[in-house]
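The values are calculated or read from the model by the stated rules, or taken from the named source; none is laboratory data. Being a predicted model, the structure only gives us computed values, none of them experimental. Every residue, glycine among them, receives a Cβ derived from its backbone with ideal geometry; neighbour counts consider all protein chains shown.
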Amino acid sequence: MDIPGKGLVKGMGLTLKTMFTKPSTVQYPKVKETPVPRARGVIALDPEACTVCMLCARECPDWCIYIEGHKEEQPPSKEGGRPRSRATLDRFDLDYALCMYCGICVEVCPFDALFWSPDYEYSETGISNMLHDKERLTDWLTTVPDPPPLEP
C-alpha cells in the first residue's frame, strides 16, 4: 500500500540536500577551467603535413573549410631520375562561425595534418573574425597534447 505524500517528502529531501551543497559552477573570466587533455576545443593545422588532398573540405558537412594549393616541380631524388610534382598549400581557412565541431575533418585526414586542441579561448567581437587562416590555425599546433602511447 502506498503512503500518501511519500513522493513529496522524497522530493523535498533531495531539494534540501542539494540546497546546501556547493555548486560546481566556475566563474569563467576570473577562474579558468582546465579542460580534459583530449578535449575538443579548436582545430589546429600542420601545414607541412597537408598535401592539399581536400578530403577534409569534401567531407565537412558544413562546408566551412576553404583550401587552395598549387603544384610545384621537385628535383629528382636520385641522379638520372625524373622530376616529381608536389602539391603546396597556399590557403587553408576554417570558418568557426559555421563549424559544428563534429571532428570529421580531423578523422578523415590521411596525413595527420589536422588535430584537436583543448584550447577554447578564441572568441571574437565580430562574426567576420571567426574565419581563421593558415597562420592562425598553425599557432594552435603548440597547444595540441601528445597522443596517448600505443599498447605493447
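Would you call VAL52 at positive phi and either in a strand (DSSP E or B) or crowded, with 16+ Cβ neighbours inside 10 Å (or both)? Yes: the conditions hold for VAL52. Within the set LYS6, LYS17, LYS71, the sole residue that is of a type in the set (Lys, Arg) and in contact (Cβ under 8 Å) with a residue 12 or more places away in the chain turns out to be LYS71.
For the stretch 33-47, the set of residues classified as in contact (Cβ under 8 Å) with a residue 24 or more places away in the chain and not in a strand (DSSP E or B) consists of PRO35, VAL36, PRO37, ARG38, ALA39, ARG40, GLY41, ASP46, PRO47, listed by residue number.
Sub-7 Å Cβ pairs linking a first residue in the stretch 116-142 that is in contact (Cβ under 8 Å) with a residue 40 or more places away in the chain and closer than 20 Å to ARG91 by Cα to a second residue that is among the aliphatic types (A, V, I, L, M) and part of a helix (DSSP H, G or I), at least 6 apart or interchain, are TRP116/VAL106, ordered by first then second residue. For the stretch 129-152, filtering for residues that are assigned to a helix (DSSP H, G or I) and at pLDDT below 90 leaves 1. Annotation: ASP112 fulfils all but one of (1) over 29 Å from TYR28 (Cβ atoms); (2) more than 14 Å from the chain's Cα centre (by Cα); the unmet one is (2).
Within the stretch 1-36, if we keep just the residues that are among the aliphatic types (A, V, I, L, M) and modelled with pLDDT of 85 or more, the residue that is nearest to the chain's Cα centre (by Cα) turns out to be VAL31.
Would you mind stating whether PHE111 is surrounded by fewer than 16 Cβ atoms within 10 Å (Cβ to Cβ), modelled with pLDDT of 90 or more and not charged (D, E, K, R)? When the stated conditions are applied, PHE111 passes them.
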